Amino acid sequence: MPSLRLDRWTPSALRKHLLNEETESIASLCKMMMESDGEYSSLLLAERILAAYEALSEAERIEFFNILFEDYDIDIEEVKTAIDEYEAKPNAYNLVRLTTVSEPRRQELLRRINLSANGTRRLVKMREHLLTAMRDHPQFKRIDTDFHHLFSAWFNRGFLVMEPLDWTTPAHILEKIIAYEAVHEIESWSELRRRLEPADRYCYGFFHPSMGDDPLVFVEVALTDHIPSSIGEILQREDDTELPENASCAIFYSISNCHRGLAGVSFGNFLIKQVATSMKLRFPQLKTFSTISPAPGFRRWLDAAAAQDEELMGIASEFSADASEEVCGKLEKVAAQYFLQQKNDRNKPLDPVARFHLKNGAILERINILGNPSTKGMKDSLGTMVNYVYDLSRVEHNHENYVRSDKVICSSQVKKLLKK
């Protein structure tokens, strides 16, 4: 099919062509989109591209991502020319040109596709597919860099709206809470009710205008008179729990990101600080803001390390939900080594939940052996859970310390475990 000159098409003719003509591939539609300079045609093309994408098979998606990878990258020669021109004449025009050509053309294509109805939500789903494809096609990381860059701007914290979620929240939103709960599965409506209805239980969701009533992330909070050492203290709630006005602690016991396509787009510090501030205003007597958090990487690391260390192998093989105090003590020391000393290739803590909370300014307060002896808890972390404490007066300082020096800030009781 000959290349279309979109600037010569009348709106009515273009509309008729785009809505009725089905011969173009998604590749040609993308090319048409980049050649178009009209908002009207871009809107129509964006819808056609997304509809075509959503009809692709898994193998065809890989082909599409290859097109983005190969045909919509940076033109190195064009960048070199723009650099030379700006160096020779550093005026505003040459600066704009250099900035434009230095950006992969994928970003502009994605911006234009985002013009479609529900475009942002559909692009989040596209990135979810991309993240899956990256397992076998690591070169697609370059495409993901563009998605992450755009989403970080589109989902800027300033656009997020915090809403309380309770038992009176519309059912179609509560269904999403059940579906998205990623930390402690909600198996029934009655279980959800136990988490939302009592006076000492709270839940907050964060929403974005482009995602409608689909939350981006939500946090579940319990008010208590102490920092719990096990998740059972929260989930197996007694009916005679103290009134929230008497509570001294707010416990964040589940933080769930709802869309895999937004992985790596940080809402954490904003979310936790805003929820904590809201709780503090409502209950001024609250003194402590803490989590009871999983350690999802601990079991995997221990199994790998035990293959090279007989002592660790013995600890791992001996440990069970009814382990003795001596064996629990050994595992506690190993866990301290994992959290304080084991780093990834970026010199950050190996555990992903630790990275999240420490980056957000928390302190590693306590390691709780057998804090979650459920089947899933034992499989993921040999039941180990962690309390991260947020001192609101020091959150920013702790965050800066962590970012600058990769320092794991922890309590004295955790430090002492390394000396046992």
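Couple of notes before you dig in:
- When the stretch 342-377 is filtered for residues that are more than 22 Å from SER256 (Cβ to Cβ) and among the β-branched types (Val, Ile, Thr), the ones remaining, listed by number, are ILE363, ILE367, ILE369.
- Among the residues of this structure, ASN66 does not count as one that is modelled with pLDDT under 95 and either touching a Ser or Thr at 6+ places or on another chain (Cβ under 6 Å) or surrounded by 12 or more Cβ atoms within 10 Å (Cβ to Cβ) (or both).
This table checks each residue for (1) surrounded by 21 or more Cβ atoms within 10 Å (Cβ to Cβ); (2) not hydrophobic (A, V, I, L, M, F, W, C).
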residue: LYS343; (1), (2): no, yes
residue: ARG346; (1), (2): no, yes
residue: LEU358; (1), (2): yes, no
residue: MET378; (1), (2): no, no
residue: GLY383; (1), (2): yes, yes
residue: HIS397; (1), (2): no, yes
residue: SER411; (1), (2): no, yes
residue: LEU417; (1), (2): no, no
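- When the criteria are applied in full, PRO284 fails the requirement of being in contact with an Asp or Glu (Cβ under 7 Å, 6 or more places away or on another chain), without any contact (Cβ under 8 Å) to a residue 60 or more places away in the chain and not aromatic (Phe, Trp, Tyr).
- Test: GLU245 is loosely packed, with under 14 Cβ neighbours inside 10 Å and over 26 Å from ASP380 (Cα atoms): yes
- Criterion: assigned to a helix (DSSP H, G or I) and not hydroxyl-bearing (Ser, Thr, Tyr) - qualifying residue of LEU95, LEU115: LEU95
- Within the stretch 43-61, residues that are under 13 Å from LYS125 (Cα atoms) have Cβ atoms under 6 Å from residues that are surrounded by 13 or more Cβ atoms within 10 Å (Cβ to Cβ) in these pairs: LEU50/SER116; LEU50/ARG122; ARG61/HIS129, counting only partners at least 6 apart in sequence or on another chain.
- Filtering SER188, SER210, SER230 for residues that are of a type outside the set (Val, Ile, Thr), modelled with pLDDT of 95 or more and within 26 Å of the chain's Cα centre (by Cα) leaves a single hit, SER230.
- Going through (1) of a type in the set (Phe, Trp, Tyr); (2) over 22 Å from ILE251 (Cα atoms); (3) under 15 Å from the mean Cα position of the chain (by Cα); (4) modelled with pLDDT under 95 one by one, PHE151 falls short only on (4).
- Candidates VAL327, VAL334, filtered to the one that is more than 28 Å from LYS407 (Cα to Cα) and either crowded, with 19+ Cβ neighbours inside 10 Å or assigned by TED's automatic domain parsing to the domain that holds SER412 (or both): VAL327
- Within the stretch 171-181, the only residue that satisfies the criterion of being surrounded by 14 or more Cβ atoms within 10 Å (Cβ to Cβ) and either assigned to a loop (DSSP other than H, G, I, E, B) or over 24 Å from the mean Cα position of the chain (by Cα) (or both) is GLU181.
- Selected residue [touching a residue at least 60 places away in the same chain (Cβ under 8 Å), part of a helix (DSSP H, G or I) and of a type outside the set (Val, Ile, Thr)] from GLY377, GLY383: GLY377
- Residue count for the stretch 98-111, restricted to those that are touching a helix residue (DSSP H, G or I) at 6+ places or on another chain (Cβ under 6 Å) and not in a helix (DSSP H, G or I): 2
- Pair list, Cβ under 7 Å, 6 or more apart: the stretch 302-324 residue crowded, with 18+ Cβ neighbours inside 10 Å, other residue at pLDDT below 90: LEU302/ALA316
- Taken together, the residues in the stretch 145-189 that are of a type in the set (A, V, I, L, M) and in contact with a Lys or Arg (Cβ under 9 Å, 6 or more places away or on another chain) amount to 3.
- Residues that are of a type in the set (Asp, Glu) and either surrounded by fewer than 12 Cβ atoms within 10 Å (Cβ to Cβ) or more than 29 Å from the chain's Cα centre (by Cα) (or both), drawn from the stretch 72-101: ASP75, GLU77, GLU78, ASP84, GLU85, GLU87
- Residue match in the stretch 133-144 (condition: touching a Gly at 6+ places or on another chain (Cβ under 6 Å), in contact (Cβ under 8 Å) with a residue 12 or more places away in the chain and surrounded by 19 or more Cβ atoms within 10 Å (Cβ to Cβ)): no
- ALA199 vs. criteria more than 26 Å from PHE155 (Cα to Cα), of a type outside the set (Ser, Thr, Tyr) and surrounded by 21 or more Cβ atoms within 10 Å (Cβ to Cβ): no
- Total residues in the stretch 103-117, condition over 13 Å from HIS148 (Cβ atoms), surrounded by 15 or more Cβ atoms within 10 Å (Cβ to Cβ) and either touching an Asp or Glu at 6+ places or on another chain (Cβ under 8 Å) or not basic (Lys, Arg) (or both): 7
- Any hit, the stretch 365-373, residues being surrounded by 17 or more Cβ atoms within 10 Å (Cβ to Cβ) and β-branched (Val, Ile, Thr): yes
The values are calculated or read from the model by the stated rules, or taken from the named source; none is laboratory data. Just so you know, these numbers come straight off a predicted model, no measurement behind them. Here Cβ is always computed from backbone atoms with ideal geometry, including for glycine, and neighbour counts include all displayed protein chains.
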